[in-house]
Amino acid sequence: MHPFHRVHRLVQSVQELQHRISCETVENFVTLAKKGFYDGTAFHRVIKGFMIQGGGFDAQLRERPTRAPIAHEGRQALERGGMRNINGTIAMARTSDPNSATAQFFINVRDNAFLDPSTQSIGYTLFGQVVSGMDVVQKIKSVPTGPGGPFRSDVPRTPVIIQTATLVTP
């Protein structure tokens, strides 16, 4: 396994944005981290040159039950000076329903401007940035992938597990 040791650093960056940019999104993520929800979850989707996604499935690719979905805050966050989808930023994953995000998140491994909210697209809610540990993200984005569990492709052949997500005060 390739444990993701620096998740606590991701949460630290989230705390910095809590009341300024993506309030509900950050509160949801922090609440889940405090409850240990992310401990033992897998990065279940790794798309080379795009992003790595985790936070919703365990090592056996069984989906974890989550809280109710949160409201999409992408456009409001951007209007408040929020980030764009650039390399190292963290966003909530969702279905085609903009208000369907629960626990899964993704880390951009390149600039993905087409994911930014715009007049043509609802976009994705960004809520943090990797402030330390991009070397780990680089390793994860390079793992061999294929089909696995309920997914037809993009699943790491060797599970990439978040051992623990903890909150760290700066």
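Mind counting the residues in the stretch 132-163 that are under 17 Å from residue 63 (Cα atoms) and part of a loop (DSSP other than H, G, I, E, B)? Show your work before the answer.
So in the stretch 132-163, the residues under 17 Å from residue 63 (Cα atoms) come out as 147-156, 159-163.
From what's left, part of a loop (DSSP other than H, G, I, E, B): 149-150, 159-160, 162-163.
Of the residues in the stretch 132-163, 6 are under 17 Å from residue 63 (Cα atoms) and part of a loop (DSSP other than H, G, I, E, B).
For residues in the stretch 27-45 being within 21 Å of residue 73 (Cα to Cα) and touching a helix residue (DSSP H, G or I) at 6+ places or on another chain (Cβ under 8 Å), which is surrounded by the fewest Cβ atoms within 10 Å (Cβ to Cβ)? Even if it seems obvious, please write down each step before you answer.
From the stretch 27-45, those within 21 Å of residue 73 (Cα to Cα) are 27-33; that's our starting set.
Then keep just the ones that are touching a helix residue (DSSP H, G or I) at 6+ places or on another chain (Cβ under 8 Å); that gives 29-30, 33.
On the way: 29: 28, 30: 17, 33: 24.
The residue in question is 30.
Inspect all residues belonging to the stretch 98-116 and state whether any of them is open to solvent by 70 Å² or more (accessible area, probe 1.4 Å), among the acidic types (Asp, Glu) and in a helix (DSSP H, G or I).
For the stretch 98-116, residues open to solvent by 70 Å² or more (accessible area, probe 1.4 Å), among the acidic types (Asp, Glu) and in a helix (DSSP H, G or I): absent.
Conditions: (1) at pLDDT 95 or above; (2) open to solvent by 30 Å² or more (accessible area, probe 1.4 Å); (3) closer than 20 Å to residue 108 by Cβ; (4) of a type in the set (A, V, I, L, M, F, W, C). Residue 83 meets all but one. Number of the miss?
Against the list (1) at pLDDT 95 or above; (2) open to solvent by 30 Å² or more (accessible area, probe 1.4 Å); (3) closer than 20 Å to residue 108 by Cβ; (4) of a type in the set (A, V, I, L, M, F, W, C), residue 83 comes up short only on (1).
Could you please find all residues in the stretch 132-170 being open to solvent by 80 Å² or more (accessible area, probe 1.4 Å) and in contact (Cβ under 8 Å) with a residue 60 or more places away in the chain?
139, 150, 163, 169, 170, listed by residue number.
Would you call residue 91 assigned to a strand (DSSP E or B) and either in contact (Cβ under 8 Å) with a residue 24 or more places away in the chain or surrounded by 12 or more Cβ atoms within 10 Å (Cβ to Cβ) (or both)? Spell out how you get there, then give the answer.
Values: assigned to a strand (DSSP E or B): yes; either in contact (Cβ under 8 Å) with a residue 24 or more places away in the chain or surrounded by 12 or more Cβ atoms within 10 Å (Cβ to Cβ) (or both): yes.
Considered against the rule, which asks whether it is assigned to a strand (DSSP E or B) and either in contact (Cβ under 8 Å) with a residue 24 or more places away in the chain or surrounded by 12 or more Cβ atoms within 10 Å (Cβ to Cβ) (or both), residue 91 comes out as yes.
State all residues of the stretch 117-131 that are of a type outside the set (Gly, Ala, Ser) and touching a residue at least 24 places away in the same chain (Cβ under 8 Å); if no residue qualifies, say none. Spell out the reasoning first.
Residues of the stretch 117-131 that are of a type outside the set (Gly, Ala, Ser), as a first pass: 117, 119-120, 122, 124-127, 129-131.
117, 122, 124, 125, 126, 127, 129, 130, 131, listed by residue number.
Limited to the stretch 117-131, what total is found for residues that are open to solvent by 60 Å² or more (accessible area, probe 1.4 Å) and part of a strand (DSSP E or B)?
We begin by selecting, within the stretch 117-131, every residue open to solvent by 60 Å² or more (accessible area, probe 1.4 Å); these are 119-120, 129, 131.
Next, from what is left, pick out any that are part of a strand (DSSP E or B): 129.
The total comes to 1.
Report whether or not residue 145 is under 18 Å from residue 54 (Cα atoms) and either touching a Leu at 6+ places or on another chain (Cβ under 6 Å) or β-branched (Val, Ile, Thr) (or both).
Numbers: under 18 Å from residue 54 (Cα atoms): yes; either touching a Leu at 6+ places or on another chain (Cβ under 6 Å) or β-branched (Val, Ile, Thr) (or both): yes.
Answer is yes for this residue.
Name the pairs whose Cβ atoms lie under 8 Å apart, with the first residue in the stretch 68-80 and closer than 8 Å to residue 123 by Cβ, the second open to solvent by 80 Å² or more (accessible area, probe 1.4 Å), and 6 or more positions between them or separate chains?
From the stretch 68-80, the pairs are 78/84.
In this structure, is residue 48 of a type outside the set (Gly, Ala, Ser), open to solvent by 30 Å² or more (accessible area, probe 1.4 Å) and in contact with a helix residue (DSSP H, G or I) (Cβ under 7 Å, 6 or more places away or on another chain)?
Working: of a type outside the set (Gly, Ala, Ser): yes; open to solvent by 30 Å² or more (accessible area, probe 1.4 Å): yes; in contact with a helix residue (DSSP H, G or I) (Cβ under 7 Å, 6 or more places away or on another chain): yes.
So residue 48 fits the description; yes.
The values are calculated or read from the model by the stated rules, or taken from the named source; none is laboratory data. Everything numeric here is computed off the predicted structure, so don't read it as measured data. Because the Cβ atoms are built from the backbone with ideal geometry, glycine has one as well, and the counts that use them run over all protein chains shown. To get the accessible areas, we keep the full protein, side chains included, count just its heavy atoms, and leave off ligands, DNA and RNA. Shrake-Rupley method; radii C 1.70, N 1.55, O 1.52, S 1.80 Å.
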